1. If I take every Cα pair under 8 Å that is 6 or more residues apart in region 60-174, average their sequence separation and divide by the length, what percent do I get for the relative contact order?
2. Compute log10 of I(q)/I(0) for region 41-172 with the Debye formula, placing one identical point scatterer on every Cα and leaving out solvent, at q = 0.10, 0.21 Å⁻¹, to two decimals.
């Protein structure tokens, strides 16, 4: 009887200890496949929305600053031509530098809008939305040429039209 009890206990102990060959599970692992085409498409569309939103933010911030700067340039030029404030007048060189900086800033805005248009035109997922965005870089180019002609008010209006076009394109991206 003692042997039987020892034998049963040893069987129980041995059966509860896992053998090395049993520690390895042979079940098949579920492999998660990559994102589906629809998920990739939605990610591209979301990226397009973010690009347009970033351009709108940058352009509206620029227009906010542009309004004050162009008004300051206009006021300084009037003061210099009428010689009202000879002591408070801004030197013509400083006005010319401000105009150059504004023109360069408008040129960089145009480059950014050009890149945005190109990214939509060249991306197969976003190509269908490109017509909503087409021409926004041309508006910036118009603003650039208006600023080159010292017509800063008209340049600001052209850039405002670009913001409106960007907002319409953002709405079209659903």
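We did not get these values from a lab; they are worked out from the coordinates using the rules stated. Because the structure is a prediction, the values reported are computed rather than measured.
1. Normalised by residue count, the contact order of region 60-174 is 25 percent.
2. -0.39, -1.12
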